[in-house]
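Report on the structure given below.
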Amino acid sequence: MPKRVDAFEQCAKEYDSWFERNVRVYKAELRAIKGALPPAGRGLEIGVGTGRFAGPLGIHTGIDPSPAMAAIARTRGIEVIIGKAELLPFAAEEFDYAVMITTICFVDDMDRAFREAARVLKTSGCLVVGFIDRDSLLGKLYEARKDRDKFYHDARFYSVEEVTNRMREAGFEEPIAWQTVFCSAGSIAHEQLVKPGHGEGSFVVLKSMKRLSSHEL
């Protein structure tokens, strides 16, 4: 099992409880992702974790490298396959959309993960990526503290520009961006808005349509 999966495997319940302790952040991220999803179609969550997002979003299929995380997701009605983002165990053009939520900071090869997402998406499919912007308030805080954090110790954070470029190179159109979480997680005292663009919010959502030629990459 990859080193960066160890903490999630050993402390799956502790990780899952974060969403209850930080419910305003969780709800803001959930709203941002939901607003980017198509109204219908078969979805896949890559890095489904404990199913905290897939369940409310109506996504019934997920993949994750941690059996302990997957076990919790299954209690939420998600069909989870144990596997990696870089080698998806699905046929080409099987899904209408795919989501990756706080996942890219943990994958071994983001470029390959994005290419795999493009492969399993239908011609009209889209990829929605939610992540902590490295240049944001939370991004800088997580980066500074990650050596002391069991979950983010081996994480790699990215800027919006980096993720946008990687998505284009993997076979996706220019992404549309939304943002939320405009202060540190511990200081949120009210509901967070979801705004278009990026540069203010710490949690950024990028939505991009698959290019017609992406299957040839």
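Key figures for this structure:
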| item | result |
| --- | --- |
| Selection count where residues are farther than 24 Å from residue 14 by Cα and of a type outside the set (A, V, I, L, M), scope segment 135-164 | 7 |
| Residue satisfying condition, being within 23 Å of residue 69 (Cα to Cα) and either in contact (Cβ under 8 Å) with a residue 40 or more places away in the chain or assigned to a helix (DSSP H, G or I) (or both), within set 122, 150 | 150 |
| Condition met for residue 62 (surrounded by 14 or more Cβ atoms within 10 Å (Cβ to Cβ), touching a helix residue (DSSP H, G or I) at 6+ places or on another chain (Cβ under 8 Å) and part of a strand (DSSP E or B)) | yes |
| Scope segment 1-44; condition outside any helix (DSSP H, G or I) and more than 29 Å from residue 94 (Cα to Cα); matching residues | 11, 22 |
| When residues of segment 65-91 are limited to those that are touching a strand residue (DSSP E or B) at 6+ places or on another chain (Cβ under 9 Å) and part of a loop (DSSP other than H, G, I, E, B), the one surrounded by the fewest Cβ atoms within 10 Å (Cβ to Cβ) | 89 |
| Criterion (at pLDDT 95 or above and under 16 Å from the mean Cα position of the chain (by Cα)) met by exactly one of 90, 95, 131 | 131 |
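The values are calculated or read from the model by the stated rules, or taken from the named source; none is laboratory data. Keep in mind it's a predicted model, so treat the numbers as computed, not measured. A quick note on method: Cβ atoms are made from the backbone with ideal geometry, for glycine too, and the neighbour counts reach across all protein chains shown.
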